Amino acid sequence: MDPTKVTIPPMKDLTDENITANTHIINSQGPDKRLQFLMHSLVSHLHDFARETRLTTDEWMGAIHFLTATGQKCTDTRQEFILLSDTLGLSMLVDAMNHPKPPGATEGTVLGPFHTHDALEFENGESICSAGKGEAMLVLCTLRDTAGRPVVGASVDIWETDETGHYDTQYADRGGPDCRGILRSGEDGFWFKGIRPVPYPVPTDGPVGDMLLKLKRHAYRPSHMHFKINAPGFDELVTALYVRGDPYETSDAVFGVKSSLIIDLRKIEDAALAAKHGMQVGDWLLVHDFVIITNEESDALRRAQAKEALRKLGSVAMLNSDGLPTAAELD
């Protein structure tokens, strides 16, 4: 950037009172109005946080070391920053704002740090878990839109822990994906074999674990199974189903549980059903109906909620063509 072609305020004699205004000025040179709005809000809140808490130099440096360690803990199969976002409640907030759901639609929840992009594709009825894993469970699901019509050809990405509460990516000798897979929905939905979910702790061997320890928070998540559903013309659904009665149902370390996502497991009692799916009478059974919404439904609801949120905040921001706030004076 040529400094002679932009308007830059005098960058000297800055104090705790005028540093924020000067930072706003120099950050408002670019053409991206949404970026300008984001940076204006970010700087305002960061500076106000520092002023309100009288942030010390040692605390500031400690935060830098914490974030550095968080990045260093990330790998191709572990996302410590997502875990940090989850444990601070930010992931749930962002999902709720970006993927609102009308009554009757399946609610979303956190993606979590253990989703991968190497899951294998399975045919309906196959097992996503290798032999010998956990307590066998048959999962029977329908997939429909808000008008009750079947959604055919959707990609359904599923992942869960093994019976010890570990995802495949947590094993040093991981040979490939396990307890995860991708199915395609048909007229009758999708169905597969998995194992009964169990509760487990989020990883505590990194900076996020240290944070939880210092806050005297437990690290456990209730028993659940993850689903990520994509279909052309529909808003992506990232969700999970939680087993009712789990000891951590009301204290999930990542704030992911919603009442509508709590399900009851039962045992297979029908011998014909067991034989049809290659299961045994007495194996676990999970039955659930998923309802997804169109992109148009999601966009209309997101815009309406954004307008209402800005009104409650008394904000002068305007929504741009993408339905996202930008500062009114930038338009």
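Does ARG51 count as of a type in the set (D, E, K, R), more than 19 Å from the chain's Cα centre (by Cα) and farther than 15 Å from LEU237 by Cβ? Yes; evaluated as a whole, the condition is true for this residue. Filtered by the rule that a residue be crowded, with 17+ Cβ neighbours inside 10 Å and free of Cβ contacts under 8 Å to residues at least 60 places away in the same chain, region 142-169 gives THR161, ASP162, TYR167, ASP168.
Among the residues of region 216-250, the one identified as of a type in the set (Gly, Ala, Ser) and either at pLDDT below 95 or in a strand (DSSP E or B) (or both) is ALA240.
Looking at the structure I just gave you, is THR326 modelled with pLDDT under 95, β-branched (Val, Ile, Thr) and more than 30 Å from LYS216 (Cα to Cα)? Taking the combined requirement at face value, the residue satisfies it.
Once region 248-277 is narrowed to residues that are charged (D, E, K, R) and touching a residue at least 12 places away in the same chain (Cβ under 8 Å), the residue that is nearest to PHE114 (Cα to Cα) is ASP252. Checking each residue in region 176-208 for being assigned to a strand (DSSP E or B) and without any contact (Cβ under 8 Å) to a residue 60 or more places away in the chain picks out TYR200, PRO201. Against the test of being of a type outside the set (Phe, Trp, Tyr), assigned by TED's automatic domain parsing to the domain that holds CYS129 and not in a loop (DSSP other than H, G, I, E, B), the options ALA274, ALA253 yield a single qualifying residue, ALA274. Selection of region 116-159 for residues being among the hydroxyl-bearing types (Ser, Thr, Tyr), within 23 Å of GLU187 (Cβ to Cβ) and assigned to a loop (DSSP other than H, G, I, E, B) yields only THR146.
The set of residues in region 277-306 being part of a loop (DSSP other than H, G, I, E, B) and under 30 Å from ALA136 (Cβ atoms) consists of HIS277, GLY278, MET279, GLN280, VAL281, GLY282, ASP283, ILE292.
Listed here are the helices (runs of 4 or more DSSP H) enclosed by region 34-112 that have at least 1 residues being surrounded by fewer than 18 Cβ atoms within 10 Å (Cβ to Cβ) and either assigned by TED's automatic domain parsing to the domain that holds GLN170 or modelled with pLDDT under 95 (or both): 90-98. GLU121 passes every criterion in (1) modelled with pLDDT of 95 or more; (2) crowded, with 16+ Cβ neighbours inside 10 Å apart from (2).
The values are calculated or read from the model by the stated rules, or taken from the named source; none is laboratory data. Everything numeric here is computed off the predicted structure, so don't read it as measured data. Every residue, glycine among them, receives a Cβ derived from its backbone with ideal geometry; neighbour counts consider all protein chains shown.
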